[in-house]
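Structure first, commentary second.
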Number of protein chains: 2
Amino acid sequence: MMTRPAIGTVAAEARVSIKTVSRVINNSDRVTAATREHVMGVIRRLGYSPSPNARRLAGHRSLLVGLPFDNPYASYVTDVQSGSLASFRAANYQVVMHACDSQSPVLADELRLFVHSVRVDGVLLTPPLSDSAAVIEMLDRDEIPFVRIAPSGRNDPTRSVFAGDRESAAAMTRDLATLGHRRIAFVIGHERDAGTAQRYMGYCDGLRLSKLSLDARWVVEGDGSFEAGIASGRKLLRMRKADRPTAIFASTDLMAAGVLHAAHELGVAVPTALSVAGFGDEPLASQVWPRLTTIRQPLQGLAQQAAAMLMAQLRRDSVPAPAVPVQSSLVIRQSTAVVASRC
Amino acid sequence: MMTRPAIGTVAAEARVSIKTVSRVINNSDRVTAATREHVMGVIRRLGYSPSPNARRLAGHRSLLVGLPFDNPYASYVTDVQSGSLASFRAANYQVVMHACDSQSPVLADELRLFVHSVRVDGVLLTPPLSDSAAVIEMLDRDEIPFVRIAPSGRNDPTRSVFAGDRESAAAMTRDLATLGHRRIAFVIGHERDAGTAQRYMGYCDGLRLSKLSLDARWVVEGDGSFEAGIASGRKLLRMRKADRPTAIFASTDLMAAGVLHAAHELGVAVPTALSVAGFGDEPLASQVWPRLTTIRQPLQGLAQQAAAMLMAQLRRDSVPAPAVPVQSSLVIRQSTAVVASRC
DNA sequence: CTGTTAGCGCGTTCAA
DNA sequence: TTGAACGCGCTAACAG
């Protein structure tokens with residue numbers, strides 16, 4: 001088992017200085033095309049690849065980015081992960097996951113410990129972490145670069161990527177109205193969850209655009225979970241017939257699945273007697289019966305955008321520019337239909 | 001912003017050599033309790049923590065372990081991740097995820113590239129990767145330490161952790177028989193998926209123990225996916241009444257959810273007219289209607305065990321010892337019940 | 001555009 | 001049990 005060649009070996013073989021080889025492998029433009037070609041040839045011939053460990057030490061960086069998460073949807077986490085992985089890896093960065101509890105009063109301290117012990121060079125913030133003032137403040141104070149995925153506030157645009165939740169929630173609401181629904185209920189998610197506020201506003205927009213009035217009876221509070229969906233569904237479906245909504249729009253797929261559960265329980269047929277819509281298009285959405293009409297969030301695209309922004313920050317080259325919101329789209333499946341009964 | 005203290009600062013402050021400080025932070029026993037105490041005091045006072053980057057370079061290791069995965073269940077991946085994270089981190093190791101395609105003909109080469117470019121010190125192999133001969137061979141040849149999670153073969157016990165799939169599948173089958181089911185169908189998973197063979201054998205065991213005979217009509221091949229579950233469900237439920245199974249045991253939760261879908265589609269009531277059981281107890285299992293009876297795999301425990309084994313290998317201290325299989329358990333929910341109709 | 005000279009912060013060989 | 005000096009493989013000034 002022969003030892004792998006180091007940068008010195010390449011330099012000697014190519015009859016150039018170590019620094020030149022360094023410039024070549026770092027894509028510096030202060031090298032003539034000819035020498036670059038030549039050095040690259042030697043590199044290939046020797047099968048050389050630079051030692052990340054040495055680069056870390058000499059470059060004063062870990063080549064690691066942190067991805068803390070507290071998200072009940074496994075698919076959300078894996079989507080962000082796989083969406084960002086490619087961009088990071090292309091820049092020789094690796095992602096380090098970190099499970100945490102966003103409810104914890106010492107969240108920021110706990111994250112600070114993580115960031116400093118692992119010495120990550122930057123951090124990707126997913127909801128609900130992307131909205132934690134304490135975390136943002138801590139990172140800023142410690143000068144750790146970060147990018148926020150789908151925060152609820154629209155300030156800080158050069159360090160955030162957005163998904164246009166409000167617009168798509170409005171579109172879904174209008175779509176339900178178009179199907180003839182006039183009593184469209186909405187199940188709010190957890191206040192800490194990023195999209196929540198935007199989605200609710202979108203629902204209100206949609207009602208207004210459809211000439212329907214907002215009615216507090218049809219707005220219930222959930223917390224994004226499946227169980228909350230069940231509870232909300234029961235509450236809405238047990239209203240007396242004249243008041244009972246003909247459509248329920250839940251601001252997460254998980255809650256929509258819970259609403260379906262409640263409907264089955266109470267013998268309410270979907271979509272015949274009730275339309276149900278979710279948000280997110282997680283795998284679950286197409287694995288329940290009937291398959292959920294929902295909103296597809298281009299999460300992987302969002303994550304990719306976020307990763308690119310973070311890498312740009314770490315390179316300090318390009319000027320920070322706000323990202324364009326990635327567009328979501330409606331996915332119409334079997335859980336929604338035109339209203340059956342007369343009004 | 002003051003620069004963080006290095007090992008030299010600590011040594012000077014404690015009036016000992018750098019090497020002594022090094023021994024203290026590495027828990028070497030060649031240090032008297034008194035000096036250790038003293039040095040630890042200085043370390044705490046200065047808020048010193050060793051630079052991972054320097055340790056990486058000097059120690060010829062990356063302090064990184066690879067976790068390649070190709071698994072359709074997001075929750076499986078996140079479970080393994082969170083189960084192993086603590087053990088790894090306690091040893092100052094970080095986990096680097098790597099998405100890959102287990103079907104690819106160049107899987108081993110692709111993984112080899114990953115392992116060498118990231119320079120991971122070890123690898124955790126999840127199903128179906130834990131069964132790939134090509135991958136195992138590659139890692140052995142390149143002398144990369146690894147641990148396999150739930151491989152189908154029982155050889156290589158000092159580098160594997162097991163879940164006892166066979167026993168729990170048998171238990172589930174017997175449980176269904178106890179409920180009075182005599183026509184118990186089984187949906188096989190993907191051959192490449194680790195548990196598959198074991199689970200099928202467990203089904204056969206269970207039948208035998210319940211004095212029921214294996215009948216090829218009631219054994220259908222799926223591939224572990226939701227769609228395969230639908231197809232299998234349709235096939236089984238469209239048999240003529242006398243032959244139709246009264247219980248369907250699918251070897252993954254995803255397929256069981258597909259079977260439920262087929263049942264709803266065909267108007268077969270669950271669990272009244274049909275019992276359905278899954279395997280894995282993923283979140284999905286309790287989010288479908290009705291909630292699935294299934295087998296809970298202590299995945300996090302398995303992953304933790306695997307992580308500990310890998311760290312032991314990397315330390316080269318303890319002698320490699322086989323792990324004790326982690327026990328699974330039946331989770332009885334609403335999708336199974338006693339047979340309703342006469343035989 | 002290229003080369004020379006110092007480190008980066010720790011582990012490890014020896015000797016004491 | 002402790003210490004001194006060297007080296008890990010590369011990047012970063014600066015000089016040419």
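All of the numbers you see were taken from the coordinates with simple rules; none came from a lab. It should be emphasised that the depicted structure is a prediction, and the values quoted were computed from it without experimental measurement. Please note: Cβ atoms are built from the backbone with ideal geometry, for glycine as well, and neighbour counts cover all protein chains shown.
General observations
- Near pairs, Cβ below 6 angstrom, 6+ apart or cross-chain, from the stretch A:62-88 (facing another protein chain (nearest Cβ under 8 Å)) to any residue that is assigned to a helix (DSSP H, G or I) and of a type in the set (V, I, T): A:A74/B:T78; A:V77/B:T78; A:T78/B:V77
- For the stretch B:181-209, the set of residues classified as of a type in the set (K, R) and outside any helix (DSSP H, G or I) consists of B:R182, B:R183, B:R192, listed by residue number.
- If you go through the stretch A:13-29 and keep only what is closer than 20 Å to A:A91 by Cβ and surrounded by fewer than 16 Cβ atoms within 10 Å (Cβ to Cβ), you end up with A:N26, A:N27, A:S28, A:D29.
- Any hit, the stretch A:163-174, residues being out of contact with any Leu (no Cβ under 8 Å at 6 or more places or on another chain) and either within 14 Å of chain B (Cβ to nearest Cβ) or part of a loop (DSSP other than H, G, I, E, B) (or both): yes
- Filter result (within 14 Å of another protein chain (Cβ to nearest Cβ), more than 11 Å from DNA strand D (Cβ to nearest atom) and within 20 Å of B:A58 (Cβ to Cβ)) within the stretch B:1-41: B:T3, B:R4, B:P5, B:A6, B:I25
- Verdict on A:H60 being within 14 Å of DNA strand C (Cβ to nearest atom) and on the phi > 0 side of the Ramachandran plot: yes
For every residue, the table says whether it meets (1) β-branched (V, I, T); (2) within 19 Å of A:L179 (Cβ to Cβ).
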site: A:L284; (1), (2): no, no
site: A:Q287; (1), (2): no, no
site: A:Q300; (1), (2): no, no
site: A:A307; (1), (2): no, no
site: A:A312; (1), (2): no, no
site: A:R315; (1), (2): no, no
site: A:V319; (1), (2): yes, no
site: A:S329; (1), (2): no, yes
site: A:V338; (1), (2): yes, yes
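- When the stretch B:79-117 is filtered for residues that are in a helix (DSSP H, G or I) and within 17 Å of B:Q304 (Cβ to Cβ), the ones remaining, listed by number, are B:D79, B:V80, B:Q81, B:S82, B:G83, B:S84, B:L85, B:A86, B:S87, B:F88, B:R89, B:A90.
- Set side by side, the residues B:A74, B:A58, B:A54 differ, and just one is away from DNA strand D (no atom under 16 Å from the Cβ), closer than 28 Å to B:A308 by Cβ and in contact with a helix residue (DSSP H, G or I) (Cβ under 9 Å, 6 or more places away or on another chain), which is B:A74.
- Qualifying positions in the stretch A:1-32 - under 13 Å from A:S49 (Cβ atoms), free of Cβ contacts under 8 Å to residues at least 40 places away in the same chain and either in contact with a Cys (Cβ under 7 Å, 6 or more places away or on another chain) or aliphatic (A, V, I, L, M) (or both): A:V10, A:V21, A:V24, A:I25
- The set of residues in the stretch B:282-299 being in contact with a Leu (Cβ under 9 Å, 6 or more places away or on another chain), within 11 Å of another protein chain (Cβ to nearest Cβ) and assigned to a loop (DSSP other than H, G, I, E, B) consists of B:E282, B:Q287, B:V288, B:W289, B:P290.
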